[in-house]
Amino acid sequence: MRVSLFASSSSGNCTLLSQGESHLLIDAGVSLRRLRAALSGHGLGPEDLCGVLITHEHTDHTAALPMLCRHCSVPLYAPRTVANHLRGSMPGIEGLLRDIAPFEPFSVGSFTVTAFPTPHDAEGSVGYRVEGEGSFGFCTDCGCVTEDMLDMLRGCDGAVIEANHDTDLLCDGPYPVYLKRRILSERGHLSNECCAALAVELARCGARTLILGHLSQENNRPALAREAVCGALVRAGFPAVQVEVGPVWGDLSLEIPPCR
């Protein structure tokens with residue numbers, strides 16, 4: 001299984017999973033032009049996608065959907081609450097939406113996908129576990145780590161997990177108080193320290209590749225996120241875990257080999 005992060009920040013989110021002839025997108029929070037450019041770097045076009053998994057309705061995860069659906073008939077998978085919101089806000093995509101339910105596996109191409117709920121200020125928000133030649137977890141936009149999240153991410157060979165902010169940078173920064181409280185709440189975003197604790201738990205359960213995603217450009221720095229997570233992993237006895245930082249915009253591509 002190969003994972004390619006095209007965008008991962010509050011400005012946009014888009015990740016590609018590939019296995020053989022199956023190419024699965026997680027979120028499409030960039031312009032269609034940017035999505036086409038990113039896919040072309042892998043010799044692909046939107047028509048080569050077997051599906052798009054949507055985590056929640058926020059624009060930084062859904063921006064490309066109206067134009068994408070206008071130009072090709074790729075199935076969109078989202079929890080019912082999220083799908084209903086998209087049906088109401090994006091006319092023309094109704095026929096491509098497929099309602100899914102948390103904890104109920106479904107097939108997309110050669111992948112088996114299971115959604116699980118995440119605590120975020122968007123109703124119906126989910127992360128995903130994707131099984132194929134190995135297993136991969138995707139979990140950003142969450143204010144805290146829940147048992148459901150842990151249960152679904154444990155045993156993954158690799159994962160994208162959220163390291164949204166450095167708490168000191170956020171608290172000392174220019175954001176208004178209400179926005180700081182939202183980010184710090186249990187339905188906001190994970191700090192570097194919370195991400196580090198999650199990384200250690202996943203490493204204990206076999207993860208060997210971790211990608212830090214959804215970093216705030218205002219309230220975090222890649223070096224700070226990497227230092228927090230790698231330091232925690234070393235102290236816990238897992239120095240060999242590969243840790244990468246997802247790009248705001250670019251192409252971070254990694255093979256995720258099965259660990260067992």
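The values are calculated or read from the model by the stated rules, or taken from the named source; none is laboratory data. Predicted model only: the values in this text are computed from it and were never measured. Heads up, the Cβs are rebuilt from the backbone with ideal geometry, glycines too, and the neighbour counts pull from every protein chain shown. For the accessible areas, the whole protein counts, side chains as well, though only heavy atoms, and no ligand, DNA or RNA atoms are used. Shrake-Rupley method; radii C 1.70, N 1.55, O 1.52, S 1.80 Å.
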Query raised in the report: Hey, does segment 64-74 have a residue that's under 20 Å from the mean Cα position of the chain (by Cα) and farther than 25 Å from L5 by Cα?
Result: no
Query - Candidate set: segment 197-223, residues that are open to solvent by 10 Å² or more (accessible area, probe 1.4 Å) and assigned to a loop (DSSP other than H, G, I, E, B); chosen: the one nearest to C171 (Cα to Cα) - result: E218
Report summary line: The number of residues in segment 163-202 that are under 14 Å from E218 (Cβ atoms) and among the acidic types (D, E) is 3
Requested in this report: Output yes when any residue across segment 86-98 is touching a strand residue (DSSP E or B) at 6+ places or on another chain (Cβ under 9 Å) and under 29 Å from A196 (Cβ atoms), and no when none is.
Outcome: no
Report summary line: Residue pairs qualifying under the 8 Å Cβ cut-off, at least six apart or on distinct chains, with the first in segment 34-47 being farther than 17 Å from G12 by Cα and assigned to a helix (DSSP H, G or I) and the second being open to solvent by less than 60 Å² (accessible area, probe 1.4 Å) and not aromatic (F, W, Y), are P46/L32; P46/L35; P46/L39; P46/L68; P46/C72; P46/V74; E47/C72; E47/V74
Requested in this report: Return the residue satisfying two criteria in turn: it lies in segment 228-244 and is touching a residue at least 24 places away in the same chain (Cβ under 8 Å) and open to solvent by 30 Å² or more (accessible area, probe 1.4 Å), and of such residues it is farthest from Q19 (Cα to Cα).
Outcome: A236
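One line per residue, one yes/no per condition, for (1) in contact with a Pro (Cβ under 9 Å, 6 or more places away or on another chain); (2) among the basic types (K, R); (3) surrounded by fewer than 23 Cβ atoms within 10 Å (Cβ to Cβ):
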position: S11; (1), (2), (3): no, no, yes
position: I26; (1), (2), (3): no, no, no
position: P46; (1), (2), (3): no, no, yes
position: H56; (1), (2), (3): yes, no, no
position: T62; (1), (2), (3): no, no, no
position: S73; (1), (2), (3): no, no, yes
Query - Among the residues listed as T146, T62, the single one being under 20 Å from G206 (Cα atoms), of a type in the set (V, I, T) and modelled with pLDDT of 95 or more - result: T146
